[in-house]
Each structure stands twice: as C-alpha cells, then as structure tokens.
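The values are calculated or read from the model by the stated rules, or taken from the named source; none is laboratory data. Please read these numbers as outputs of a predicted model, since none were measured by experiment. Quick reminder, even Gly has a Cβ in these numbers, built from the backbone with ideal geometry, and neighbours come from all protein chains shown. To get the accessible areas, we keep the full protein, side chains included, count just its heavy atoms, and leave off ligands, DNA and RNA. Shrake-Rupley method; radii C 1.70, N 1.55, O 1.52, S 1.80 Å.
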Amino acid sequence: MIENLEPKAVWSIFKEITKVPRPSKHEELIRVWLVNFAKKHCLEYKEDAIGNVVIRKPATKGMESLPTIVLQSHMDMVCEKNSDVEFDFSKDPIQTVVKNGWVGALGTTLGADCGIGMAAALAVLIEPNLRHGAIEALFTVDEETGLTGANNLADDMLTGRYLINLDSEDDGEIFIGCAGGVDTLAYFDYKKEAMPTGWKSFRIDIKGLKGGHSGDDINKGLANSNKLTTRFLWNAVRKFGIKLAAFDGGNLRNAIPREAYALLAVSPENVQPMVAYFQEFGQQAMEEFKYTEPDIYLSINETEEPLTEVIDSESTMRLLNALYSVASGVLAMSQAMPGMVETSTNLASVKMKDGRIEVVTSQRSSVESAKWDAAHMVESAFLAGGAEVKHSDGYPGWNPNPTSHLLDVTRKAHSELFGREAAVKSIHAGLECGLFLEKYPNLEMVSFGPTLRGVHSPDERIEIETVDRFWKWLLRTLETI
C-alpha cells in the first residue's frame, strides 16, 4: 500500500491522484478534484479560461514579508499501456505496485510524471508545521501533448517572484534550463490496389522495447520500433517485391516508440526466403540492441484472413524512403554543458487514418536555430517523399541563470540536508518554464524532483527513497528562501 510509504503526506495524496483519470486534453476530473481539495482545506483557488488551476496558501503568521513562492506541476499524464493489457485511461484507476524499492504500475504508465509533483505541492499546502511565505501551487493542463496550459496561462494567475518546477526526474539534481521543441508532421496520400491473386498475407510485430521519454532517454541507445520496422520493409520490398498493406507504430509525440506492426503481402515463391530474411533480421536487431533492449521481440505470422487490398508500389516506396532517411536520435551534443544532448529528433508515430498516412516526429534543441534546422532537415526528407508537411508552433527553451538567488538557496538546502552538493544541470527534455518566462519575465526558477525512470512508457517507476529526500529538500528550500 503506497499510502503507508514515507513521507505519508506525499504518498497518500499521490495514491488519491492515481484514482482520478487525467489524460492529456481531458483533465476535467482532476480539475474538479483539485478544486474540491482547495475547498476541503479552506484554501483560495482560481481557474483560468484554459483550465489551469492555482491554489493559494497565505504566509505563516510573522512571515508575510517573505516573497511568494510558486510550486508548479502539470495535471495531465501520458497514457501508454502494453498491448496485451485491458485498461481504459478515461475511467480506470492506475494499479500501483511496489517492487524492489520502486513504485510502478501494472502494465500502464504510472503517472508519477507529474503526479508526484502535484502530490508534493498539495502536501505543502496542508503541512501544519512548515513556516513559509505565501505559496501558490500552479497546476497546468495538457503539458504532455502541447504545453497548452503554459502557453495560455492567464496574466493574472501568479504573483510569485520565485517558481519551483516539480517536473524533474533525477534525485540530487537541480535543473536551471531546458531544450525547446517543435513537432514536424507529414501526411502521405496513397492509392489502394487489389491483392495479387495467390499471394500470401503476413503480419510482422516488433515489441518488448523500453521506449521512454524522447528528451530524457534519447541518448540511451534505445531502439525505435518505427525505424526497425521501416528498415525491414525497405529491404523486403527491394529483395522480395513485397506489397505493404498497413503500418502502425508508436502513439505519442514525446515518447520513443516501443511497438509497431505491419501487414504485407508476398508472392508464393518468395514466402520462404522472406520469412528466413525476417528471422535473420531479428537476430541482427537483437545483437545490435542486446545491451539496451534485452526484451526485444520480433515475430512474423501468416494472417488468419487474407488481405484484399494493398498500397500501391509507388506510394509504398515514397513512404519507406522518407521514413528510412529521417534520423531518429541524437544529432548534436552540447558544447556549453558537456555530457548534455543539444539537438535531437524522434520518429514518434506512423498511423494510417482518414485515407492518409500520418507521421509524427519531434525535434528538440537548447539552441533555437539548431531546433529549426533539425525540423527543416526532417521536413526536406518528407517533401522528397511527396508528403504534405506541417510544423507545430513549438515552444521556447529556458536559458539558464546561474546567478539566481533561488538556485543558491536550493543548493544550500541540499548541501545542509545531505552533506553533498547537488548537481546543477540543463535538461534536454522540455519544461514549461520557458513559456512562463514569456508571461512573467522576472521569475527566477529551478526544477528538481525524485528519481523517475521509464517515463512515458509502461515501465514508468519512481524510486521510493528519493521521494523522502525530495520532500525534505522542498521543505527546507521553502523555509529558507
């Protein structure tokens, strides 16, 4: 029972949050829950037009002169599950499990990103022994699929001078900057033609990949199910003249895809050599990724029902050539902060819908010009394949401020509590902080949190002992700012 873990104040609230559905763009239930939390504890609250919620707690008596602190987290969660798990994110509570010092979920994302940040902020609001200045707990909507809440935050929601973002995933690290990002989407038209007489129908699956966050995990050498599927199909068309009928891989713009499948047709004389080649390809993939993807699984099976239609050959090669030429992974490492990724791109999803093939990619960089260079590089590959290409509005990066007073206080609090210096870093993942600065340019900000791993995938988990340190660190920072 996670509500019995320490600190109980945080874990008990997190347990309640896991019971409330909160998919991105569908945060209605969690917003109601937050408002009811404020009412229950007699706290002032406010909602803006887009759905963000701020809950305010007045300063402890005698500390009214201290600056107001904003504790910020987002209320939505990534909704990913294993394909063999029956789960409805619109109504089912997350099933948590405790194992080997970590809390995870049964076959789904856990929602600790950013549920544990929400829980910590709410626990602060009802902590009776904390002496502090005024606190504003800000909960934004739709961080995961568009940063919609931060983009549309009302001008009168915040009065605080300092903001602590609670959406980080590494114990003992303070983040003072992040990458900006943009999505590049391609739409391929195609024609259908009749399945050749006598041809056999097959389905290939690539499963068991770790997936993960397309920012935090992009440099870990993980396999991309869409790239692997493309690689096989591209070669199979050239070697055996297969015909593609369907391609489906990945789900989320900000997740490295874990699974993909394709339906294809092959002439009778090429069945055995094509199957043998797929098995050889599988062995190669397992060897290439044996250190990062120990559970990779590739299968090929003849379909129970034969295909009746396939995609025309010209459209197939336009798609596959484009997908094969699009990079997915690290493009450049930072020269300003050694060891940090500067620029990356992720081939996030391939879907057939509404008579077109939609491909979603995302580019990130801490350098604005490099971000757009990466996006235009991807665009050029898709344009060469005859696709219609669009870019999202994107979001800005957050430029580090190493002279921040809030940073000094946060570092000192960590050192006093744990006897060691916290690492100060910039993160390749996108945070909402850059958008907050556009509306509140005088904010000083830091971001820290407990250790999370496997975020944006069903392997998402949170290390229990780091939550206690995170809580103590947050309280000490609030007491000493």
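Checking T230 against (1) open to solvent by less than 10 Å² (accessible area, probe 1.4 Å); (2) touching a strand residue (DSSP E or B) at 6+ places or on another chain (Cβ under 7 Å); (3) over 30 Å from R56 (Cβ atoms), which test does it fail?
Here T230 meets the rest and fails (2).
With the requirement that a residue be open to solvent by 60 Å² or more (accessible area, probe 1.4 Å), in contact (Cβ under 8 Å) with a residue 24 or more places away in the chain and out of contact with any Asp or Glu (no Cβ under 8 Å at 6 or more places or on another chain), what does the range 289-300 give you?
Y291, D295
Considering the range 385-404 alone, what residues qualify as being open to solvent by 80 Å² or more (accessible area, probe 1.4 Å) and either at pLDDT 95 or above or among the polar types (S, T, N, Q) (or both)?
If the condition is that a residue be open to solvent by 80 Å² or more (accessible area, probe 1.4 Å) and either at pLDDT 95 or above or among the polar types (S, T, N, Q) (or both), then K390, N399, T403 are the ones that fit.
Just the residues that are open to solvent by 10 Å² or more (accessible area, probe 1.4 Å) and either among the hydrophobic types (A, V, I, L, M, F, W, C) or over 26 Å from the mean Cα position of the chain (by Cα) (or both), please, taken from the range 16-34.
Matches in the range 16-34: V20, L29, V32, W33.
Can you find a residue in the range 371-384 that is among the hydroxyl-bearing types (S, T, Y) and either open to solvent by less than 30 Å² (accessible area, probe 1.4 Å) or in contact with a Cys (Cβ under 9 Å, 6 or more places away or on another chain) (or both)?
no
So, of the residues in the range 51-104 that are without any contact (Cβ under 8 Å) to a residue 12 or more places away in the chain and among the acidic types (D, E), which turns out to be farthest from N36 (Cα to Cα)?
It comes out as E86.
Take the residues of the range 318-347 that are within 22 Å of N399 (Cβ to Cβ), in contact with a Ser or Thr (Cβ under 8 Å, 6 or more places away or on another chain) and among the aliphatic types (A, V, I, L, M): which is surrounded by the most Cβ atoms within 10 Å (Cβ to Cβ)?
Only one residue tops the list, namely V341.
Starting from the range 225-253, keep only residues that are closer than 24 Å to T109 by Cβ, then list their pairs with residues that are acidic (D, E) and open to solvent by less than 40 Å² (accessible area, probe 1.4 Å) whose Cβ atoms are within a distance under 6 Å, requiring at least 6 positions of separation or different chains.
From residues that are closer than 24 Å to T109 by Cβ, the pairs are R253/D183.
Quick one: count up the residues across the range 151-174 that are hydrophobic (A, V, I, L, M, F, W, C) and open to solvent by 10 Å² or more (accessible area, probe 1.4 Å).
2
In the set D167, D171, which member is closer than 22 Å to V367 by Cα, in contact with a helix residue (DSSP H, G or I) (Cβ under 6 Å, 6 or more places away or on another chain) and at pLDDT 95 or above?
Step by step, each of D167, D171 is checked, and only D167 is closer than 22 Å to V367 by Cα, in contact with a helix residue (DSSP H, G or I) (Cβ under 6 Å, 6 or more places away or on another chain) and at pLDDT 95 or above.
For the range 364-404, what are the residues that are over 16 Å from Y324 (Cβ atoms), assigned to a loop (DSSP other than H, G, I, E, B) and of a type in the set (A, V, I, L, M, F, W, C)?
V367
Taking strands (runs of 3 or more DSSP E) that fall entirely within the range 35-150, which contain at least 2 residues that are open to solvent by 30 Å² or more (accessible area, probe 1.4 Å) and under 26 Å from E6 (Cβ atoms)?
Strands (runs of 3 or more DSSP E) meeting the threshold: 96-99.
Going by the conditions given, is L435 in contact with a Pro (Cβ under 9 Å, 6 or more places away or on another chain), among the aliphatic types (A, V, I, L, M) and open to solvent by less than 10 Å² (accessible area, probe 1.4 Å)?
yes
Got a sec? Which of R453, R469, R411 is in contact with a helix residue (DSSP H, G or I) (Cβ under 8 Å, 6 or more places away or on another chain), open to solvent by 30 Å² or more (accessible area, probe 1.4 Å) and not hydroxyl-bearing (S, T, Y)?
R469
Taking P196 as meeting all but one of (1) modelled with pLDDT of 95 or more; (2) open to solvent by less than 40 Å² (accessible area, probe 1.4 Å); (3) within 29 Å of D183 (Cα to Cα), write down the number of the exception.
With (1) modelled with pLDDT of 95 or more; (2) open to solvent by less than 40 Å² (accessible area, probe 1.4 Å); (3) within 29 Å of D183 (Cα to Cα) applied to P196, the lone miss is (3).
If D167 satisfies all but one of (1) touching a residue at least 24 places away in the same chain (Cβ under 8 Å); (2) out of contact with any His (no Cβ under 7 Å at 6 or more places or on another chain); (3) within 30 Å of K61 (Cα to Cα); (4) not polar (S, T, N, Q), what's the number of the condition it fails?
Only one criterion is unmet by D167, namely (2).
For the range 286-323, which positions are of a type in the set (S, T, Y) and closer than 24 Å to V271 by Cβ?
Y297, S299, T303, T308, S313, S315, T316
Of the conditions (1) touching a strand residue (DSSP E or B) at 6+ places or on another chain (Cβ under 6 Å); (2) more than 30 Å from V424 (Cβ to Cβ), S344 fails just one. Which one is it?
Checking S344 against (1) touching a strand residue (DSSP E or B) at 6+ places or on another chain (Cβ under 6 Å); (2) more than 30 Å from V424 (Cβ to Cβ), the one that fails is (2).
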